[in-house]
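Have a look at the structure below, then the notes.
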Amino acid sequence: MSDPFDQIADAPFDEALSQRYLVYALSTITARSLPDVRDGLKPVHRRLLWAMRLLRLDPAAAYKKCARVVGDTIGKYHPHGDQSVYDAMVRLAQTFSLRYPLVDGQGNFGNIDGDNAAAYRYTEARLTQVAIDLMAGLDDGTVDYKPTYNGEEEEPEVFPGLFPNLLANGASGIAVGMATSIPPHNVAELIDAAIHLIDDPRASDAALMDFVAGPDFPTGGVIVDNAELIAAAYRTGRGSFRVRARWSQEDQGRGTWTAIVTEIPYQVPKGKLIEQIAALINDKKLPILADVRDESDELIRIVIEPRSRSVDPAMLMDSLFRLTDLEVRIPLNLNVLDASRTPRVMSLHDALSAWLAHQFEVMVRRANYRIGKIEDRIELLDGYLIAYLNLDRVIQIIREEDEPKAVMMAEFGLTDRQTEAILNMRLRSLRKLEEMQIRGERDTLAKERSELQKLIESPARQRTKLKKDLAALRARYGPDTPLGRRRTTIEEAGPARDIPLEAMIEREPITVIMSQRGWIRAMKGHVDLGNPETMKFKEGDGPRFFFHAQTTDKLLLATTGGRFYTLGGDKLPGGRGFGEPVRLMVDLEGDGDILALMPAVSGAKLLLVTSDGRGFLTSARGAIAETRKGKQVVNVKEGARLKIIRQVGEGHDYLAAIGDNRKMVVFPLTELPDMARGQGVGIQRYRDGGLADAVTFRFADGLSWSMGGASGRTRTEADLSAWRTARGAAGRMPPNGFPRDNKF
């Protein structure tokens, strides 16, 4: 007995692996994942339909159990998993997956919510008219057949039918190192483009775009890309299409409204879409959205409720398009197997041309096959004619001769087939052997043969016939038929706007109140700040900041350490109690004391000055922090602190600063830099002490200050030329009557 180890062949591991992987990769590419450009089918779909055809599951026949179809398919033609084959069959029957379904299913074949089909023992199926059109001509010698995997049966290599299935139903698949993704299209448009291509084989992709507007999805929707992008995708065979749900505004009376979604993008499960929208509401990511309801039956109806009647419908839908699958990108990668089973990416022109070339080949093969059948029949008719003209002698030979076949062949010059046909005739047929009838049938067949011969020899006749056949097919799938009507419209629209969160918050007036201990609250409306009910605080606490604002405002909270925090006007606690500590809303640890709280006015500039007399200008919007940890805007030197934050008034062109040493400087605001972050520049020079106050003003108006006391009078110094100096000077004593506390 030989040693089994003698059979082992040494091979480098990488070489063995690469060879085996290459075989697997080629098998996946050519016999599993990519569709054929001629019939648009992958092997599993072709074998399913072939098995159903052999089971005679025509549109007029009774339904048969899917288990029977799957069993036949995997037993005879496709030795793979039953579940994967059944899944492929289910997809062929789903009206929301295929633009022109090839299988007519009875039972639960899944739904647009994303639920699965029932098991194949419960569901039944038969072929649709589309599948019959796709397989038309299989019995007419139009295509080659190959043995099945076990050599017991035969299966067609490709389907010959005139239905343009590749582009009509699309395809998607992932092979090894390549993939395909073809969206569905409208058959009437494809046929119009094909007829144009028959007349002008060199027509450009742009010319074909006059007929094929773009994909036509079974679930409808709206393609919002511009014409250039769509044309570029078809020209190169690669690209994508932005598809949006179709919606309309429905009036609910008294100024209220809802948005009704009636069509959703292709291959988006409705259940998942509803969950996405509901998650936005739960996570408070879209404040202008109040509710979503699914009121669908056979028709889709998703009801979207806004937070209030004042919400802009276009803004709400734009937000949903950006944040959910109400808008998706459908890829186009026209990667298919050509007639030589080679994968390549084709343009629209290439794909239609390859399909037409296949149809011309099918036409010629069908004609040749029919000529062969006619010649066989004419041969028999010629034999019948001889038998009719010599009927008595033929009967005598049959009655008297031991080997009538040989005698008849010798006497009348008949062929073997003719003699066999005469000998196999029944007696009742002798009555039918009438010369005129035989000659009439023979002449009709001869005429048909002559026409077919002319068709084979004349490309012009072939083009005319194919155009006529395509026109007949177009009548069945025309735009006026329920199946052929275009479902997806093309309406160019810009990308969904990136809407700022403030725009989604309902604008309402509020009064912001913050106590000395840092408790903050917002009362509804612009309330009177002198009302003692408004100004109630905990024992030992009192008012610190109070001002009127809007819920859409961002509030800037600044500390003496130069760090800025941001609070949303809509996020503040209500004004019924004492509010909440502001430290619960932002991380204020060890950053110095709170210096200021103010609304961040869009376009406004802030004057920031430290206690050591350094300062700069910054934009209020730029100081907004995105996180709880805040944003360091002023880099304060050791021993100093941020002391002044003031909004620069409209028209202010000068800055006045006064030190603890009671010296004042005035200089143009243009000498101060505009920065997003930094230490700033020197405003005033001090020998001892630091900055007491700084303010911006209009030089022409002069400086005003309160006289103090109960009178409420103010004093204005109009001529400030004596104090006007360069930035960073020491300055001089302020005008007479300036407040003793050195505050403007």
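Pick out, from Thr566, Gly540, Thr552, the residue whose Cα sits farthest towards the positive end of the charge dipole of the stretch 507-599, with +1 on the Cβ of Lys and Arg and -1 on the Cβ of Asp and Glu. So the residue we want is Thr552.
Calculated FRET efficiency, Ala227 to Asp199, Cβ-Cβ distance, R0 = 25 Å: about 0.60 to the nearest 0.05.
Where only DSSP H runs of four or more residues are counted, the chain gives -9500 deg cm²/dmol as its mean residue ellipticity at 222 nm, each run worth -39500 (n - 2.57). Taking the C-alpha atoms only, the angle from helix 43-54 to the longest principal axis of the chain is near 40 degrees. Note on Met52, Met408: ascending count of other Cβ atoms within 10 Å places them as Met408, Met52, the fewest first. Labels on offer are (1) 1.25; (2) 1.09; (3) 0.97, and the one holding Rg/Rh (Cα atoms, Kirkwood Rh) computed from this structure is (1).
Think of each Lys and Arg Cβ as +1 and each Asp and Glu Cβ as -1; about the Cα centre, that makes the dipole of the chain roughly 3460 debye.
Provide the percentage of antiparallel DSSP beta bridges, counting only those with both residues in the chain; round to the nearest 5.
Details: 95 of 102 bridges.
The antiparallel proportion sits near 95 percent.
Computed from Cα atoms, the angle from the helix 313-323 axis to the main principal axis of the chain rounds to 70 degrees.
Over the chain, Cα pairs under 8 Å with separation of 6+ residues give a relative contact order of 9 percent.
Put simply, the amide H of Gln550, placed in the peptide plane, has neighbours under 5 Å in Ile510, leaving out anything fewer than 5 places away on its chain. Say R0 is 60 Å: what FRET efficiency, to the nearest 0.05, do Thr464 and Thr627 get from their beta-carbon distance? The value I calculate is 0.25. Taking the Cα centre of the stretch 306-454 as origin and assigning +1 to Lys and Arg Cβ atoms and -1 to Asp and Glu Cβ atoms, the resulting dipole is close to 700 debye.
Taken along the Cα-to-beta-carbon direction at a fixed 7 Å, the label points for Asp528 and Thr444 span 10.7 nm. For the chain, the longest principal axis of the alpha carbon atoms and the long axis of helix 391-400 meet at an angle near 70°.
Multiplying the residue separation of Asp10 and Gln396 by 0.36 nm and removing their Cα-Cα distance gives an extension gain of 131.1 nm.
Once you have a ≥ b ≥ c as the square roots of the Cα gyration tensor eigenvalues for the stretch 80-183, tell me rounded if a/c is under 1.5, and otherwise prolate or oblate according to whether a/b is larger than b/c. Don't jump to the answer; show the numbers that get you there.
On the way: a/c = 1.43, a/b = 1.39, b/c = 1.03.
The shape class here is rounded.
Computed extension length for Gln252-Glu671: 145.0 nm, one decimal, from 0.36 nm per residue of separation with the Cα-Cα distance subtracted. When each of the peptides 202-213, 63-74 is scored by how many other beta carbons lie within 10 Å of its residues on average, the order from highest to lowest is 63-74, 202-213. The protection proxy used here, the mean number of other Cβ atoms lying within 10 Å of each residue, ranks peptides 361-374, 723-736 as follows, highest first: 361-374, 723-736.
Across the stretch 42-157, the relative contact order, built from alpha-carbon pairs under 8 Å that are at least six residues apart, equals 28 percent. Straight-line reach from Lys405: which aspartates and glutamates fall under 18 Å, measuring Cα to Cα and dropping same-chain residues less than 8 apart? Counting by Cα, and skipping residues close in sequence, Lys405 has these aspartates and glutamates nearby: Glu379, Asp382, Asp392, Asp416, Glu420.
As a length-normalised measure over Cα pairs under 8 Å and 6 or more apart, the relative contact order of the stretch 251-325 settles at 36 percent.
With a/c under 1.5 counting as rounded, go ahead and sort the stretch 251-325 into rounded, prolate or oblate using the C-alpha gyration tensor (a ≥ b ≥ c being the square roots of the eigenvalues; past the cut-off, prolate if a/b is larger than b/c, else oblate).
Values: a/c = 1.83, a/b = 1.25, b/c = 1.47.
Taking the square roots of the gyration eigenvalues as a ≥ b ≥ c, the stretch 251-325 is oblate.
Can you tell me the order of 183-196, 106-119, 124-137, 632-645 when each peptide is scored by its average per-residue count of other Cβ atoms within 10 angstrom, highest first?
Highest mean packing first, the order is 183-196, 124-137, 632-645, 106-119.
Projecting label points 7 angstrom from Cα along Cα→Cβ for Gln516 and Leu584 puts them 2.3 nm apart. Between Leu26 and Glu153, the FRET efficiency estimated from the beta carbon spacing at R0 = 25 angstrom works out to 0.55.
Think of the stretch 351-478 as a dipole: +1 on every Lys or Arg Cβ, -1 on every Asp or Glu Cβ, centred on the Cα centre; then among Gly383, Tyr477, Gln462, Tyr477 lies furthest on the positive end.
Which value, in debye to the nearest 20, gives the size of the charge dipole of the stretch 600-744 about its Cα centre, when Lys and Arg are +1 and Asp and Glu are -1 at the Cβ? Before the final figure, lay out the partial values.
Numbers: 23 positive and 14 negative charges, 76 e Å.
Charge dipole, the stretch 600-744, about its Cα centre: 360 debye, nearest 20.
Projected label points at Lys743 and Ser602, each 7 Å from Cα along the beta carbon direction, are separated by 3.4 nanometres.
How much length is gained if the chain between Ala700 and Ser18 is pulled fully straight, taking 0.36 nm per residue apart and subtracting their Cα-Cα distance, in nm to one decimal? Can you show the working numbers first?
Values: separation 682, 0.36 × 682 = 245.52 nm, distance 8.54 nm.
Separation in residues times 0.36 nm, less the Cα-Cα distance, equals 237.0 nm.
Taken together, the values in this text are just the output of simple stated rules run on the coordinates, not laboratory data. Small disclaimer: the values here were computed from a predicted structure and weren't measured. Note: ideal-geometry Cβ built from the backbone for every residue, glycine included; neighbour counts use all protein chains shown.
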